[in-house]
Amino acid sequence: MKTYDFNSIDRKWQKYWAENKTFKAENHSDKPKYYVLDMFPYPSGAGLHVGHPLGYIASDIYARYKRHKGFNVLHPMGYDSFGLPAEQYAILTGQHPAVTTEQNIKRYREQMDKIGFSFDWDREIRTSDPKYYKWTQWIFLQLYKHWYNQETGKAEPLEKLIEIFETEGNKNVKAAQAQDTPEFTAEEWKNFSPEEKDRILHKYRLTYLDETEVNWCPALGTVLANDEVVNGVSERGGHPVVKKKMVQWMMRITAYAERLLNDLDNLDWPEPLKEMQRNWIGKSVGAAVKFKIDGSDKDFTVFTTRPDTLYGVTFMVMAPELDLVDEITTPGQREAVKKYQEQAAKKTERERMADAKVKTGVFTGAYAIHPLTGEKIPIWISDYVLSGYGTGAIMAVPAGDQRDYEFAKQFDIPIKNIFKNTDISEKANEDKEAVLTNSDFLNDLPAKEAIGKMIEELEKRGIGKAEVNYRLRDAVFSRQRYWGEPFPIYYKNGVAYPIDEKHLPVKLPEVEKYLPTEDGRPPLGNAKEWAWDEKNEKIVSTGLIDNETVFPMELNTMPGWAGSSWYFNRYMDPHNDEEPFGKEAVEYWKKVDLYLGGSEHATGHLLYSRFWQKFLYDIDRVPEPEYSVKLINQGMILGTSAFVYRIKGTNKFVSLGLKDQYETDPIHVDVNMVDEYDYLDLDKFKKWRPDFAEAEFILEDGKYKVGREVEKMSKSKYNVMNPDDIVERYGADTLRMYEMFLGPIEDAKPWNIAGIKGVHNFLRKFWSMFHQDGVFNVSLEEPTEQELKILHKTIKKVEEDINKFSFNTAISQFMIAINELGKLKTNKQKILSPLVVLLSPFAPHLAEDLWEELGHDKSIAFEPYPSYDERYLKESSKTYPIMLNGKMRHKLDLSTSMSKEEIEERVLSDEKVKSLLEGKTLKKVIVVPGKIVNLVVS
RNA sequence: GCCUCGGUGGCGGAAUUGGUAGACGCGCUGGAUUCAAAAUCCAGUUCCGGCAACGGAGUGUGGGUUCGAUUCCCACCCGAGGUACCA
């Protein structure tokens with residue numbers, strides 16, 4: 001007898017879709033377009049685990065749903081295939097990263113194919129493919145050739161800037177630029193040497209070289225961007241990170257800070273994610289105030305959000321790294337200052353954070369002059385002031401800032417109380433409602449009013465002005481790595497020059513070793529063919545470098561986020577060799593309509609890609625300033641780790657229930673060696689690792705019970721579950737539906753297959769409705785009113801749920817329908833046929849198969865989505881709860897056509913209601929039609 | 001510390017312009033089928049009391065608004081994520 005044979009159904013239809021290119025998206029269509037995108041994966045050696053497909057399944061359901069709704073759907077997939085693990089594997093084994101990457105991609109593809117995604121694989125892209133990174137390099141060059149004009153609020157070609165320089169110098173130019181840009185006239189500009197001009201232009205470019213303090217990770221041998229450093233250690237591997245000054249390529253993302261911040265308001269993104277980006281950008285509004293240095297004509301500027309507290313300043317603090325510190329330090333203090341600076345420089349990020357509780361610092365011996373009172377104010381240095389934020393110097397107001405307060409207490413600096421009726425003997429008063437005193441013209445004002453007044457006064461006297469500051473910093477774009485995009489850059493006399501666009505892609509050269517060179521240069525320093533012949537415009541052997549005609553090329557590569565910052569646009573036109581993507585294609589697809597991915601990319605990929613999109617928008621390459629207006633975060637699927645407990649210093653393992661009697665170390669064991677009742681397979685365990693071969697056990701009831709804990713899924717925790725086994729055992733449709741049934745997409749949830757039976761049963765029941773004794777048997781009879789009601793209710797609810805991305809409740813609706821129809825033993829074609837279409841996004845393999853059995857010769861994928869008929873949703877009567885003071889006491893079936901008055905009359909005449917009201921006074925009757933009747937009694 | 005989100009049965013989770021709390025699934029209990037088991041089907045399943053009808057309690061805790069609160073307001077407790085000397 002034939003049964004629901006999911007394995008052969010899966011294979012049959014996966015083959016069919018591939019052969020017929022069912023999901024190929026065209027760039028022309030009469031249908032409206034819809035673009036559904038998943039964050040593409042990094043193809044790691046471990047393969048897909050059950051967490052990866054969660055988002056892919058959700059987006060696939062929605063993509064398939066949209067096809068049924070008559071949309072031309074773009075649903076692509078690709079690989080973020082440059083990255084660290086492949087390179088580290090190469091260092092260990094000598095295997096070229098391209099080879100392992102290729103293998104991993106093959107495995108990923110096989111696994112994805114088994115789940116039945118409706119991707120258009122003809123559009124697959126890989127960031128490590130020269131045909132792709134050609135355009136990543138191209139975008140880099142465009143950034144290199146543009147500057148950010150704050151007057152027009154967008155990026156403009158450098159030629160335009162040069163024009164301005166030639167006519168009026170840079171005096172009136174408002175640009176995002178380096179802080180140390182000198183001021184010059186048109187005349188001076190014309191007299192600059194070409195090198196000087198280059199150097200100056202460099203200060204304006206959107207990508208530029210700069211010696212900056214970077215996060216240097218010695219263990220990884222590379223620099224890291226701020227978002228790659230978590231709690232003072234590297235995100236990958238958890239290695240210590242130190243500050244180091246290095247010349248690096250930078251991305252001037254700060255130019256876009258305001259737009260990146262403002263445009264968040266128009267995005268339909270999860271609120272926490274938007275909040276993370278807002279905090280990361282960290283806008284603060286305040287004032288810049290100029291302080292003169294006592295006994296010198298030098299001055300310096302501080303940034304403050306509380307200019308109203310200027311009268312409370314009792315000392316100044318500078319970051320120890322600030323150049324100005326050396327200039328102002330008095331001979332007497334020189335040694336102490338130097339010692340402190342050295343200490344501060346040596347600290348790792350982590351140490352600095354750990355030491356944050358106690359304020360440290362040194363007096364420079366110098367004094368500043370208070371701009372309003374003329375008082376002498378001592379200047380200190382301390383690492384609680386950061387060189388990278390604001391001007392790296394602050395005015396300290398111990399009465400109004402807790403950090404300044406602690407510093408003052410630590411070093412016995414006077415604290416001047418500038419707040420009325422406030423006790424500051426214990427801590428500073430940071431309340432903005434506090435009213436000022438001892439503050440001259442600001443007396444009796446709260447901060448809100450005083451800030452504006454102070455700024456007005458500062459501007460009038462020319463000693464300060466309103467200013468906005470951002471926490472966001474320019475992004476480091478260089479990595480000392482091999483497996484990334486090379487820069488199309490060479491160096492002549494220490495100045496960087498671009499390699500012309502027509503020579504792209506600049507292909508990654510072969511190297512013998514993937515480690516840095518012996519003299520500490522990045523891995524590309526090992527390349528034999530890595531020099532630029534300027535005359536012949538081609539890459540030649542490094543041995544030919546003469547710095548006359550042949551020059552060294554850039555040895556750094558681009559970071560992981562380069563390729564992922566624009567891939568969504570490439571999918572629109574993935575095989576274009578003339579442009580990154582054609583105008584016509586982007587005009588058609590415009591932007592991503594639905595983007596699915598994890599929130600861990602909030603301040604990395606999701607911020608950088610918005611930045612590049614805005615740049616591409618400015619240079620008129622894309623029609624939208626935001627590439628993804630709707631974004632959903634899928635939650636992580638966590639693993640359920642298993643532990644055995646080894647008695648300290650022995651090779652003896654004690655079962656969970658008895659472990660408290662011993663001193664033990666918990667050890668992760670592979671979850672595949674543990675059964676569903678948490679009992680360990682001892683034979684497998686002994687064979688697992690050689691040092692366990694002789695293991696002894698202390699059992700309870702003859703068995704070994706493991707401990708369980710929910711953790712992130714990872715190879716090292718031995719808690720990874722692969723989707724392949726589930727697909728083999730239950731079929732792809734069961735995996736798809738089960739992952740969705742687990743709970744809301746956004747929630748993190750531990751993986752357990754306890755409930756998978758329920759979903760699998762549903763699919764088998766559904767199959768059974770079309771078959772009798774295993775033989776296809778569907779009736780052409782007209783459905784009854786009752787059957788139609790079930791159908792139309794289901795259509796309505798499922799569609800509502802899909803539109804809310806509430807796939808777990810949509811699946812519940814299917815189960816309810818099947819239970820109800822099962823009771824009626826329905827096998828009518830007119831009921832089952834629309835239900836198959838409805839189910840198709842969730843269980844596409846089964847749906848295709850039943851669709852074929854129903855006599856169709858085309859894929860179900862483009863079948864119109866059934867619509868519901870209101871008439872079948874109306875109830876003729878409803879069971880009303882009858883409540884007494886809000887508590888349910890009785891039920892009555894009443895016609896839905898009755899008016900409020902009729903309902904009230906009918907309820908009050910009911911015998912049971914009469915008996916309930918006995919001995920009580922009825923004060924009020926509340927009737928909510930279709931919902932409840934509430935009797936208010938006393 | 002600050003920001004954001006959340007707290008509902010044995011478990012995953014439903015339900016909010018305030019209106020029958022616990023849909024659906026898992027698990028569990030009983031029954032049918034079977035020599036038996038698995039599978040399947042039927043019934044029950046928030047907790048307490050009761051054979052039952054029924055009664056009482058109940059959405060983290062305490063208060064408030066309301067005829068009526070999981071939903072709104074106030075205070076607090078707990079958990080998750082983010083962030084941390086950003087002046």
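The values are calculated or read from the model by the stated rules, or taken from the named source; none is laboratory data. This is a predicted model, so every value here is computed, not measured. For neighbour counting, all protein chains shown are included, and Cβ atoms are generated from backbone atoms with ideal geometry for every residue, glycine included.
Output the residue which, of all residues in segment A:497-527 that are basic (Lys, Arg) and closer than 23 Å to A:Lys131 by Cα, is surrounded by the most Cβ atoms within 10 Å (Cβ to Cβ).
Filtering segment A:497-527 down to residues basic (Lys, Arg) leaves A:502, A:507, A:513, A:521.
Going one step further and asking which of them are closer than 23 Å to A:Lys131 by Cα, we end up with A:502, A:507.
Values: A:Lys502: 6, A:Lys507: 12.
By that ranking, first place goes to A:Lys507.
Could we say that A:Val925 is over 30 Å from A:Gln14 (Cα atoms), within 16 Å of RNA strand B (Cβ to nearest atom) and in a helix (DSSP H, G or I) here? Reasoning before the result, please.
Numbers: over 30 Å from A:Gln14 (Cα atoms): yes; within 16 Å of RNA strand B (Cβ to nearest atom): yes; in a helix (DSSP H, G or I): no.
In short, no.
Considering segment A:824-838 alone, what residues qualify as being within 14 Å of RNA strand B (Cβ to nearest atom) and either in a helix (DSSP H, G or I) or buried (at least 22 other Cβ atoms within 10 Å of the Cβ) (or both)?
Listed by number, the list holds a single entry, A:Thr826.
Name every residue in segment A:61-103 that is more than 17 Å from A:Tyr482 (Cβ to Cβ), assigned to a helix (DSSP H, G or I) and touching a helix residue (DSSP H, G or I) at 6+ places or on another chain (Cβ under 8 Å), in order of residue number.
A:Ile61, A:Tyr62, A:Arg64, A:Tyr65, A:Arg67, A:His68
Does segment A:181-188 contain any residue that is more than 30 Å from A:Ser59 (Cα to Cα) and of a type in the set (Ser, Thr, Tyr)? Give the steps one after another, and end with the answer.
Pass one, segment A:181-188, residues more than 30 Å from A:Ser59 (Cα to Cα): A:181-188.
Among the residues that remain, those that are also of a type in the set (Ser, Thr, Tyr) are: A:181, A:185.
Yes, because at least one residue in segment A:181-188 is more than 30 Å from A:Ser59 (Cα to Cα) and of a type in the set (Ser, Thr, Tyr).
Of the conditions (1) surrounded by fewer than 20 Cβ atoms within 10 Å (Cβ to Cβ); (2) over 25 Å from A:Thr391 (Cα atoms); (3) more than 10 Å from RNA strand B (Cβ to nearest atom); (4) at pLDDT below 90, A:Asp263 fails just one. Which one is it?
(4)
Please go through segment A:841-872 and give me each residue that is farther than 22 Å from A:Phe807 by Cα, touching a helix residue (DSSP H, G or I) at 6+ places or on another chain (Cβ under 7 Å), not polar (S, T, N, Q) and not in a helix (DSSP H, G or I), ordered by number.
A:Leu854, A:Asp869
Give the residue that is surrounded by the fewest Cβ atoms within 10 Å (Cβ to Cβ), with candidates limited to residues of segment A:854-883 that are within 30 Å of A:Lys21 (Cα to Cα) and of a type in the set (Phe, Trp, Tyr).
If we take residues in segment A:854-883 being within 30 Å of A:Lys21 (Cα to Cα) and of a type in the set (Phe, Trp, Tyr), then A:Phe862 is surrounded by the fewest Cβ atoms within 10 Å (Cβ to Cβ).
For residues in segment A:179-195 being surrounded by fewer than 13 Cβ atoms within 10 Å (Cβ to Cβ) and among the polar types (S, T, N, Q), which is nearest to A:Ile164 (Cα to Cα)? First the steps, then the outcome.
If we filter segment A:179-195 for residues that are surrounded by fewer than 13 Cβ atoms within 10 Å (Cβ to Cβ), which is where we start, we get A:179-180, A:182-183, A:187, A:190-191, A:193-195.
Checking the rest, the ones that are also among the polar types (S, T, N, Q) come to A:179, A:191, A:193.
Working: A:Gln179: 19, A:Asn191: 15, A:Ser193: 17 Å.
Across segment A:179-195, the extreme among qualifying residues is A:Asn191.
How many residues are touching a helix residue (DSSP H, G or I) at 6+ places or on another chain (Cβ under 7 Å) and over 19 Å from A:Thr304 (Cβ atoms) if we restrict to segment A:423-448?
Residues flagged as touching a helix residue (DSSP H, G or I) at 6+ places or on another chain (Cβ under 7 Å) and over 19 Å from A:Thr304 (Cβ atoms) within segment A:423-448 amount to 1.
Would you mind finding the one in A:Pro559, A:Pro580, A:Pro625 that is within 25 Å of A:Lys507 (Cβ to Cβ), within 20 Å of the chain's Cα centre (by Cα) and assigned to a loop (DSSP other than H, G, I, E, B)? Even if it seems obvious, please write down each step before you answer.
Details: A:Pro580 fails: within 20 Å of the chain's Cα centre (by Cα); A:Pro625 fails: within 25 Å of A:Lys507 (Cβ to Cβ).
From the options A:Pro559, A:Pro580, A:Pro625, the qualifying one is A:Pro559.
In the set A:Phe762, A:Phe766, A:Phe776, A:Phe770, which member is closer than 27 Å to A:Lys2 by Cβ, of a type in the set (A, V, I, L, M, F, W, C) and more than 16 Å from RNA strand B (Cβ to nearest atom)? Write out each step before concluding.
Values: A:Phe762 fails: more than 16 Å from RNA strand B (Cβ to nearest atom); A:Phe766 fails: more than 16 Å from RNA strand B (Cβ to nearest atom); A:Phe770 fails: more than 16 Å from RNA strand B (Cβ to nearest atom).
It is A:Phe776.
Counting only residues that are near RNA strand B (Cβ under 7 Å from one of its atoms) and either of a type in the set (D, E, K, R) or free of Cβ contacts under 8 Å to residues at least 60 places away in the same chain (or both), how many does segment A:365-399 have?
Of the residues in that region, 1 qualify.
Out of all the residues in segment A:287-304, which are within 10 Å of RNA strand B (Cβ to nearest atom) and under 19 Å from A:Lys416 (Cβ atoms)?
A:Val289, A:Val302, A:Thr304
Against the definition (modelled with pLDDT under 95, within 30 Å of A:Val230 (Cα to Cα) and crowded, with 22+ Cβ neighbours inside 10 Å), how does A:Gln613 come out, yes or no?
Details: modelled with pLDDT under 95: no; within 30 Å of A:Val230 (Cα to Cα): yes; crowded, with 22+ Cβ neighbours inside 10 Å: yes.
The answer is no for A:Gln613.
A:Tyr880 passes all but one of (1) under 30 Å from A:Leu917 (Cβ atoms); (2) in a loop (DSSP other than H, G, I, E, B); which number fails?
If we test A:Tyr880 against (1) under 30 Å from A:Leu917 (Cβ atoms); (2) in a loop (DSSP other than H, G, I, E, B), just (2) comes out false.
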